[in-house]
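One structure is given here, and the rest of the page talks about it.
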Amino acid sequence: MYNYVIRRVGFMAVTLFLVTLIAFAVTNILPGNVALVILGPNATEESLAALQAQLGLNRPLYVQYFDWVLGLLQGDMGQSLRFGEPVAALIAERLPRSLLLAVTATLIAVALSIPLGVYAAVNQNEAPDLTASMFAFVGISMPIFLWGLVFILIFAVWFNLFPTGGYVSPTEDLVGSLHRLVLPASAMGFALTAYIMRMTRSSMLEVLSAEYIKLARAKGMSQRVVVLRHALKNAVIPVITVIAFQFSYAFGGVVVLEEVFFWPGIGRLTLTAIQSRDIPLIQGCIIVVALIYMISNFAADLLYAYFDPRIRYGGEE
Amino acid sequence: MSAQRAENAEHADGVEGPTDSEAPLLDVRGLRTEFRTEGDPVVASNGVSFSLDRGETMGLVGESGAGKSVTARSIMRLIDTPGEITGGEVVFDGEDLLEKSEKQMRDIRGNRIAMIPQDPMSSLNPVMTVGEQIIETIRRHQDVSKSEARELAIESMDDVGIPDAAERIDDYPHEFSGGMRQRVLVAIGFSCEPDLIIADEPTTALDVTTQAKILDLLNEMQERENTAVLMITHNLGVVAQTCDHVGVMYAGNLVETAELEDLFERPRHPYTRALIDSIPEVDSEYDELPTLDGAMPDLSDLPSGCNFAPRCPHATEACRTGGDPALESVGDSTSRAACIHAEDLDLSESTAVEAGSGRREIDRSGEPLFEVRNLKKYFSAGDGVLGNVRLSWDGGGLPSVERRYVKAVDDVSFDIYPGETVGLVGESGCGKSTVARTVLRLLEPTDGEVYFEGEPIHDLGSGAIRSLRREMQIIFQDPHSSLNPRKPVGRIIGRAMERHDIATGEEKRERVGELLERVGLSAEAASKYPHEFSGGQQQRVAIAHALAVEPKLIVCDEPVSALDVSVQAQILNLLNEIQAETDISYLFISHNIGVVRHICDRVAVMYLGKIAEFGRIGDVFSAPFHPYTESLLSAVPHANPNRKTDRILLEGSVPSPIDPPSGCPFQTRCPKKIGEVCETDVPELEDVGDDDHRISCHLSIEEMSERDSFIRAERQSAETVESD
Ligand SMILES: Nc1ncnc2c1ncn2[C@@H]1O[C@H](COP(=O)(O)OP(=O)(O)O)[C@@H](O)[C@H]1O
Ligand code: SF4
Ligand code: SF4
Ligand SMILES: [Mg+2]
């Protein structure tokens, strides 16, 4: 297990290195000239060249890259061209808001999908199962932002229960903050529920036909004990990976959903950065999102190992 | 075991046991269980009636799909949808279980009727400790505290012979070997002192040596608790060694019930006779196993007359038209049979023809076809950051670097002549399959030489290997693995011919048809997909596939282990016939000693990656023996209740191939161990006779021929067991 963790951390370091390479390459291939973006279309050749030099953009690419990576290692992601502030500070301000949204959405999804998945599996091919499966099918086919629009339409426009968007910091106004969190988080949570539920259901079905479940029944265990103690603990193991994967997916979905709900998180920040060719900011956002992605997958593996004793004590016997 | 039977016989004679009462413990009357699927309902248990007294063991035998498990699960009311019990009574201790509520049934399951399942690997919950799984059973049915339940669980683990029970109780199932897991399952079964144990193929997944131990354990527990046992098995050897009376099932019906001795001495139903005859016995020679041709009919499409008529050698017109015969007493015997001719038929003679010297003589004067010299295959062990290198701090000071290997095959040599079958036997994990894969270069050998017709296979490049594949084929235990599920079998077989330029176009199609007919299928089978065949038929297709390229050698890795005895006999006969026609050679791997005895000319007995004994069948299966061979042979349950077996029970389990014992690999378990010399000196594989019979043991030939010492050793070990 210990070896496994070390190996995984090493693996993550390599991946992160590759991500920096890709992020750097992509942003440099991106059409559009930063100096031009900053100075506008009427800028002179000289002023453009001067700005290029000032920004260090005329140095060889590998020098720029090492400079950037060196900065990254020290926590310095450079200055945003558009906002004129350090990229790190910009991200530090937006990231927690996005995390709040994604974590809440994932929690909602887990709370809904696991019981639903178990229920559907236990009542396989009966009305509740079929309903849930249909719901899952619709859920999976619909993109996240569409869920967002549907939720806005129903709960904000028709019933006027929640605001259509916006963000308030929980430290300033907890109730107001939660009030605004409900819609975007539920919209995203619903979108995620479908997939996790489907996974829980099929995993549960597989486990319920296992020999050890038959033995548990033959020992006189009640349905409740069989399902919750014997089956769920096994069925949930593969679902954990899916949840982590869905969390990463949620993070991707955030980009669009934040736009729909005027949620000033890292998603909107990234969009702004791309629109204004703000290279340091784009790079910073890519790195941070990739990091979150990797960490959540790593966490999934650790949880997996925690739940599965065969891995926990595995390796050498 | 025989003492146990004698005792039960007394009970049957009316001698009152402590808990005996007039009525049987279990009385199943006309039990009917159906499965409603899309087509016609499948009646898996069709009016089954039998009874079982306290302390008695009843066997339930028959081919797979005969309805044994469904019958057993119906007794516990554990039938899942779309199954349903649609009729009959299950009177248990005077009460009809079919009348009980589900809640009342839950109080009975695990408490008064317990189940011991087949597969020790999948029957324990992998995320719960074995302790939790025993304790929850105890707490479910007995009013005890957590700590009392834990004590009881430890006690029950002790009872089933799990060493260090108090420490091991918190271990997870994967930390136990297969045999130990089966003991855990026995412990769970007996934990609430049930009146009835239903053991569904409790030893099928185990090696013979482990099987012998588990059967002894079951018997001992049963004797102690006076438990009745319903023993479901397809192994008539197990039945002969454990049961008091037997029920034979066929196509959902009970077709014969009889006292054990009667069943074997004078079977009353032709199906019983055929089942008994299709088992290759360890100590008899047959030219050909009598087979039960064909297969059991589809339960949703039964014939109009006797279900067995299509396969019955005694069938008459009356059998085919008169409806399915009822189970009725035969004459004045205690046997019952579902056969209209039962009264007139005398089935006491085996139809198997013993042919003392019927074995073909192999000409070993020329060059061998296949030769393996000093083959080694090591797998790296461990998966740490450092790979198989492990740092050990044992000595103090600087850590030392140590490379760790699983020595799966360690210095194995043998040869195979044209037209010969050489067997590899041994317990699971001894390296048999690894030998098979390494000699074909499906795995890279670590060291050693392999020659095929003088060609050094170990030296060939991958292109040359590929063309040699034409000469050497492999058949696996699971035919699925070699048959592409998405292609009709005709295409699969034809493809092999094309790949090796054997035939194309019309000629190919013709030969595919011929091959399929050769292996006992019809030419039309070419258009069917693999899943449309039964297990035995799939194995036939796999054989046709292997034969398609006209190889000189086929490596058969446990080709019949997953099959019913009847189908097994058909496949073994087929392999023999093909050999007689084409002079093909086989390397035949099996853990079933009877099968090896039947099909092989020479055999290598493997233990921990090494050959313990090698020689002709007749030599290996008679004295002098390697002590390991001797114990393997003694552990085989004979399908003959009158045979006295003096089993040599081996202590412990096979040691890890990462850290094999010093000296003789068998020294940790050898009942004949001499002493220090076995721990320090590795015995050579030396000639002990003229016919290339070799044994790897320090004992003298006389000592290896002696049997008294075994009995002495067994007595001693029995005493030690009793004294602790
Ligand atoms: N790919 C592998 N990696 C590591 N160990 C292996 C591998 N394949 C087989 N072994 C080990 O080699 C030994 C022999 O296995 P095998 O050849 O499958 O035995 P058998 O055929 O008698 O069951 C076992 O201890 C097994 O765990
Ligand atoms: S009734 Fe006829 S076909 Fe059936 S087992 Fe008896 S002899 Fe054979
Ligand atoms: S060498 Fe010794 S330990 Fe090994 S089999 Fe012979 S007697 Fe037993
Ligand atoms: Mg094997």
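Per-residue mean of foreign Cβ neighbours for B:119-127 is 6 (Cβ atoms of other chains, 10 Å radius).
How big is the Rg/Rh ratio for region B:157-225, C-alpha atoms only, Rh by Kirkwood, two decimals? Ratio value, two decimals: 0.94. Shown here are the Rg and Dmax of the Cα trace of region B:414-603, at 16.1, 46 Å. Which residue, B:His314, B:Gly431, B:Ala338, has the largest displacement toward the positive end of the dipole of chain B when charges sit on each Cβ (Lys, Arg +1; Asp, Glu -1)? Of B:His314, B:Gly431, B:Ala338, it is B:Gly431. Note on B:79-87: average number of Cβ atoms from other chains within 10 Å of each residue's Cβ is 1. Each of the peptides B:181-194, A:43-56, B:508-521 was scored by the mean count of other Cβ atoms within 10 Å over its residues; in descending order, highest first, they stand as B:181-194, B:508-521, A:43-56. Pairs exceeding a 23 Å alpha-carbon distance, out of A:Lys219/B:Lys146; B:Lys213/B:Lys407; A:Lys214/B:Lys213: B:Lys213/B:Lys407; A:Lys214/B:Lys213. Centre-to-centre, using Cα atoms only, region B:478-522 and region B:633-710 are separated by 45 Å.
Chain A contacts chain B over a buried accessible area of about 2600 Å², both sides summed; the probe is 1.4 Å and only protein chains count.
Above 16 Å lies some portion of the pair distances; for region A:2-73, what is it as a whole percent of all C-alpha pairs? Result for the distance tail: 62 percent.
Take each peptide in B:612-620, B:485-493, count the other Cβ atoms within 10 Å of every residue, and average; sorted highest first, the result is B:612-620, B:485-493. Note on region B:556-628 and region B:211-267: Cα centroid distance 27 Å, given to the nearest whole angstrom. For a modelled paramagnetic label at B:Glu455, 7 Å from Cα along Cα-to-Cβ, the residues of region B:574-605 in reach, with backbone nitrogen under 17 Å, are B:585. The value given for region B:79-195 is a Kirkwood hydrodynamic radius of 15.3 Å, derived from the mean inverse Cα-Cα separation. For chain B, the alpha carbon convex hull comes to 193 Å³ per residue, rounded to a whole number. From the largest down, region B:51-102 spans 33, 32, 15 angstrom on the principal axes of its Cα atoms. What a 1.4 Å probe finds exposed on region B:565-698 is 45% carbon and sulfur by accessible area, rounded to a whole percent. Along its three principal directions, the equivalent ellipsoid of region A:67-179 from the Cα gyration tensor extends over semi-axes of 38, 21, 14 Å, largest first. Centroid-to-centroid, using Cα positions, region B:109-141 and region B:64-102 are 20 Å apart. Positive-end ranking of B:Pro418, B:Pro530, B:Ile543 along the dipole of region B:414-603, with charges on Cβ about the Cα centre, is headed by B:Pro530. Each Lys and Arg Cβ is given +1 and each Asp and Glu Cβ -1; about its Cα centre, region B:69-136 then shows a dipole of about 100 debye.
Of all DSSP bridge pairs formed entirely within chain B, close to 65 percent run antiparallel.
Over the protein assembly as shown, the Kirkwood radius and the radius of gyration, each from Cα atoms, give a ratio Rg/Rh of 1.04. D by Stokes-Einstein for region A:58-111, Kirkwood Rh over Cα pairs, 10 °C, 1.306 mPa s: 118 µm²/s. Think of chain A as a dipole: +1 on every Lys or Arg Cβ, -1 on every Asp or Glu Cβ, centred on the Cα centre; then among A:Tyr167, A:Phe145, A:Leu303, A:Leu303 lies furthest on the positive end. Straight-distance candidates among the aspartates and glutamates for linking to B:Lys508, with alpha-carbon spacing under 20 Å and chain neighbours fewer than 8 residues away dropped: B:Glu471, B:Glu498, B:Glu517, B:Glu524, B:Glu550. Averaged over the residues of peptide A:208-214, the number of Cβ atoms from other protein chains lying within 10 Å of each residue's Cβ is 5. Its residue count N fixes a reference of 2.2 N^0.38 Å for region B:116-253, and the Cα radius of gyration divided by that reference is 1.05.
Counting protein heavy atoms only, region B:418-479 has 44 percent of its accessible area on carbon and sulfur, 1.4 angstrom probe. Report, in listed order, any pair from B:Lys487/B:Lys552; B:Lys377/B:Lys672; B:Lys610/B:Lys673; B:Lys376/B:Lys432 with a Cα-Cα distance greater than 20 Å. With Cα atoms farther than 20 Å apart: B:Lys487/B:Lys552; B:Lys377/B:Lys672.
Looking at chain A, I'd like the Rg to Rh ratio, where Rg is from alpha-carbon atoms and Rh is Kirkwood's inverse mean 1/r. Expressed as Rg/Rh, it is 1.07. Normalised Debye scattering of region B:497-566 at q = 0.15, 0.17, 0.20 Å⁻¹ gives log10 I(q)/I(0) of -0.52, -0.66, -0.89, counting only Cα atoms as equal scatterers and leaving out solvent.
Listed by number, the DSSP H helices of chain A that run 20 Å or longer by alpha-carbon position along their axis and have mean Kyte hydropathy of at least 0.5 are A:2-29, A:87-122, A:127-141, A:174-208, A:232-260, A:279-307.
Beta bridges assigned by DSSP with both partners in the protein assembly as shown are antiparallel in approximately 65 percent of cases. Of the residues in region B:175-193, none is shielded by at least 50 Å² of accessible area once partner protein chains are present, compared with the chain alone at a 1.4 Å probe. Computed with a 1.4 Å probe over protein heavy atoms only, the accessible surface of chain B comes to 42 Å² per residue.
Computing the accessible area with a 1.4 Å probe over protein heavy atoms, can you report the carbon and sulfur percentage for chain A? Exposed carbon and sulfur together represent 68 percent of the surface. When both bridge partners sit in region B:414-603, DSSP labels roughly 10% of those beta bridges antiparallel.
The values are calculated or read from the model by the stated rules, or taken from the named source; none is laboratory data. Just so it is clear, the model here is predicted, and its values are computed rather than measured. When we count neighbours, we look across all protein chains shown, and the Cβ atoms used for this are built from the backbone with ideal geometry, even at glycine. These accessible areas exclude ligands, DNA and RNA; they are computed on the full protein's heavy atoms, side chains included. Shrake-Rupley method; radii C 1.70, N 1.55, O 1.52, S 1.80 Å.
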